[in-house]
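Enquirer: Sharing a structure with you now.
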Amino acid sequence: MSRLLRTGLNAGTEAPRVVGGSGVHFVLEDGRRVLDGSNTGGPLGHGHPRMAEALRKAADLPMVSEGWSWSGRDKAAEDLFEIGLVGEESWAGAVRFCISGSEANDITLSLAQALTGRKAIATRERAYHGLVGLARDVTVQPHWHGGLAAPAGGTRLPPAGAPVHVLPAPDGTLYRSATEAAARPERPLDQRLAGAPAMLRSSAAVIIDYTQGGFYHDGAYQDAVAAIARREGAFWIADEVVTGMGRSGRAFAFQGGTSRPDMVTLGKGLGGGMMAVAAIVISKDLAAELDGKSWQNYGTLRGHPMTMAAVSAYLAILRDEALLARVHALEGFYARRLGEIARRHPSVARVAGQGLHWTVELHGPDWRNWLADTPEAPLASRVAGLALDKGAVIGTSGEQTSLFLAPPLIISETESERLLAILDESLELADREHNVMMQGVQ
Ligand SMILES: Cc1ncc(COP(=O)(O)O)c(C=O)c1O
């Protein structure tokens, strides 16, 4: 029996046993070098020399808790405004650092509850916002319930927390199969959001992210939700934990719309893949509202000097290596190749994505009622297993039918071509099962 507890993403599958990494590759225990094709926490791949150097220097820094001021924390805040928030000066007010995306979301949601006096919170269909507190409450993908999934039955779910309203997800895909389009026809935005005003009227905040469940919403959806939130007195929180600072090919995914959030959460790649660090950016209006008040919570390791050094180093690399432009340029390449791949494989229901984050959803069991309680490895995990044998790590988000690609932002077009070729070959496994299923239907 392993001493290490297993969690949702590796349960039921053999997780790759990583012993090292460099550039866009992992080194596995069996000596193989495999492409890291799905790692939202590692924007610079592995062992980026400038990051490593910055952290070696930071190892000499003192331990300073959030309760004390620290010059490196002030510098990280300045860097975030000067590099990450450039062009956003008219609304962005202040930043606070914390440790994880989950925590950043929980903190912003509880602040919204305190400011509005409302308990309910809102998100959109198939959202994942984290595993603690209110962030878990608005994680509405059924299998991320935070309880225990038992393949033999007897799955145990924790009791519900805050009341949660769930908005319909946005449309917008690169590809949809004919069956998928017939099963879930796209609806005009006003129809889709018809119930939103009533939901947001009683909500402290609506939190929306830009990738989870394979939904990459566009500016129109964002602007419509933002306008409703403003009218109904709910805060709008943009969860940019995945998309912020690089992956979407712009500093923030919300820059695809004209509205600007009340609060933004960042995490994952913010520490360059080398430190656990997250952040909350609040608007100028909100910063003015907090002025003269003391926000009554505090963390021992939030804003730790080593994490602050990592943030500053990552932002400098993002700027100096012009990574946003690079991701933006690769976006077209991925869109073209994934479109071709999807059309070749009958098992593919849907492809959507942005920048260097892409989801390939397969036909198969409905994700809406799956609690990770089936004994067999889900189809997506089996396709990912085959991809690993062929030399690439492709992610599944622990879902049954979704595969996702999120390679390091430093990946080249040749390496991307190899990653997509491996995906292409591995999808044949899903095609075979799809064909058998279709024969059964006929
Ligand atoms: C959109 C989104 N928000 C929040 C989180 C939670 O971040 P963390 O895993 O750092 O707690 C995740 C993690 O996958 C995420 O994808």
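Enquirer: If we count chymotrypsin sites (Phe, Trp or Tyr not before Pro) as exposed when they sit in a DSSP loop and have at most 11 other beta carbons within 10 Å, what is the longest stretch of the chain that avoids them all?
Expert: 69-294
Enquirer: Lys/Arg Cβ at +1, Asp/Glu Cβ at -1, dipole of the chain taken about the Cα centre: which of P346, H46, T179 is farthest positive-ward?
Expert: Farthest towards the positive end: T179.
Enquirer: Round to a whole angstrom and tell me the spacing of the C-alpha centers of region 310-328 and region 81-136.
Expert: 23 Å
Enquirer: Then there is this: Give the residue from F97, A112, A122 lying farthest towards the positive end of the charge dipole for region 56-174; charges sit on Cβ (+1 for Lys and Arg, -1 for Asp and Glu) and the dipole is referred to the Cα centre.
Expert: Of the options given, the answer is A122.
Enquirer: Something else about it: Place +1 on the Cβ of every Lys and Arg and -1 on the Cβ of every Asp and Glu in region 235-288, take the dipole about the Cα centre, and give the residue among G271, F235, I282 whose Cα lies farthest towards its positive end.
Expert: Result: G271.
Enquirer: Residue by residue through region 385-390, which ³J(HN,Hα) values in whole Hz follow from phi under the Karplus form 6.51 cos²θ - 1.76 cosθ + 1.60 (θ = phi - 60°), with glycine and proline marked x?
Expert: x, 5, 4, 5, 4, 8
Enquirer: Roughly speaking, what is the stretch gain from L61 to A220, that is 0.36 nm per residue apart minus the C-alpha to C-alpha distance, in nm to one decimal?
Expert: Residue separation times 0.36 nm, minus the Cα-Cα distance, leaves 52.7 nm.
Enquirer: At 222 nm, what helix-only mean residue ellipticity would the chain give, in deg cm²/dmol to the nearest 500, using -39500 (n - 2.57) for each DSSP H run of four or more?
Expert: -11000 deg cm²/dmol
Enquirer: Let me ask something additional. Give the order of K293, K75 when sorted by the count of other beta carbons within 10 angstrom, beginning with the fewest.
Expert: Placing the least packed residue first, the sequence is K293, K75.
Enquirer: Also: Given the options A430, A229, A287, state which has the largest fluctuation in a GNM of the chain using a 10 Å cut-off (strictly under) for Cα springs.
Expert: For the chain, modelled as a Gaussian network with Cα springs under 10 Å, the answer is A287.
Enquirer: Which one, M263, M275, M245, has the greatest fluctuation when you compute a Gaussian network model over the chain with C-alpha springs under 10 angstrom?
Expert: Maximum among the listed residues: M275.
Enquirer: On to the next question. Mean 1/r over all different Cα pairs, inverted: what Kirkwood radius does region 146-217 give, in Å?
Expert: Mean inverse Cα-Cα distance, inverted, gives 15.4 Å.
Enquirer: If neighbour count is taken as other Cβ atoms inside 10 Å, put T396, T300, T123 in order from fewest to most.
Expert: Fewest to most other Cβ atoms nearby, the residues stand as T300, T396, T123.
Enquirer: Going by C-beta contacts inside 10 Å, put D285, D424, D106 in order with the fewest on the left.
Expert: Sorted ascending by nearby Cβ count, the order is D285, D424, D106.
Enquirer: Is region 331-442 best put as rounded, prolate or oblate by its Cα gyration tensor, with a ≥ b ≥ c the root eigenvalues, rounded for a/c under 1.5, and otherwise prolate when a/b is larger than b/c, oblate when not?
Expert: It is prolate, given that a/c is not under 1.5 and a/b is the larger ratio.
Enquirer: How are the Cα pair distances of the chain distributed, in percent, across 20 Å bins from 0?
Expert: 25, 60, 15, 0
Enquirer: Can you bin region 298-347 into rounded, prolate or oblate? Criterion: square roots of the alpha carbon gyration tensor eigenvalues sorted a ≥ b ≥ c, rounded for a/c under 1.5, prolate for a/b above b/c, oblate for the rest.
Expert: Verdict is oblate for region 298-347.
Enquirer: For region 194-321, just say rounded, prolate or oblate: build the C-alpha gyration tensor, square-root its eigenvalues into a ≥ b ≥ c, call rounded for a/c under 1.5, and beyond that prolate if a/b exceeds b/c, oblate if not.
Expert: oblate
Enquirer: Explain nothing, just the number: dipole magnitude of the chain about its Cα centre with +1 on each Lys and Arg Cβ and -1 on each Asp and Glu Cβ, in debye rounded to the nearest 20.
Expert: 500 debye
Enquirer: Now a separate question. Per residue of region 404-417, in order, report the coupling 6.51 cos²θ - 1.76 cosθ + 1.60 (Karplus, θ = phi - 60°) as ³J(HN,Hα) in whole Hz, putting x for Gly and Pro.
Expert: For region 404-417, the Karplus-derived couplings read 9, 10, 8, x, x, 5, 8, 5, 8, 5, 5, 5, 5, 4 Hz, x marking Gly and Pro.
Enquirer: Over region 305-442, calculate the relative contact order: mean separation of alpha carbon pairs under 8 Å at least 6 apart, over the residue count, as a percent.
Expert: Computed over region 305-442, the figure is 24 percent.
Enquirer: Would you work out the relative contact order for region 143-220, in percent, from Cα pairs under 8 angstrom that are 6 or more residues apart?
Expert: The value is 31 percent.
Enquirer: Using a simple charge model, +1 on the beta-carbon of Lys and Arg, -1 on the beta-carbon of Asp and Glu, nothing else, what dipole does region 337-399 show about its Cα centre, in debye to the nearest 20?
Expert: Rounded to the nearest 20 debye, it is 320 debye.
Enquirer: Just to verify a number: FRET efficiency for E180 and H328, C-beta to C-beta distance, R0 = 41 Å, to 0.05?
Expert: 0.90
Enquirer: Counting only DSSP beta bridges with both residues in the chain, tell me the antiparallel percent, nearest 5.
Expert: Bridges in the chain are about 65 percent antiparallel.
Enquirer: Also: Full extension from R3 to L157: what is 0.36 nm times the residue separation minus their Cα-Cα distance, to one decimal in nm?
Expert: Between R3 and L157, full extension yields 53.1 nm more.
Enquirer: Take S22 and S90, extend 7 Å from each Cα along the Cα→Cβ direction, and tell me the distance between the two endpoints in nm.
Expert: Here the modelled spin labels are 4.8 nm apart.
Enquirer: Restricting the calculation to Cα positions, tell me the Rg (one decimal) and the Dmax (whole number) of region 61-206 in Å.
Expert: 19.7, 60
Enquirer: Once you charge only the Cβ atoms, +1 for Lys and Arg and -1 for Asp and Glu, what is the size of the charge dipole of region 1-80 about its Cα centre, to the nearest 20 debye?
Expert: So the magnitude is around 240 debye.
Enquirer: Counting only C-alpha contacts under 8 Å and six or more residues apart, can you give the relative contact order of the chain as a whole percent?
Expert: Taking the mean separation of contacting Cα pairs over the length of the chain, I get 24 percent.
Here, each number is a calculation from the coordinates, and none is a lab measurement. Treat the numbers as computed from the prediction; the structure is a model and nothing was measured. Positions of Cβ are generated from backbone atoms using ideal geometry, with glycine treated the same way; all protein chains shown enter the neighbour counts.
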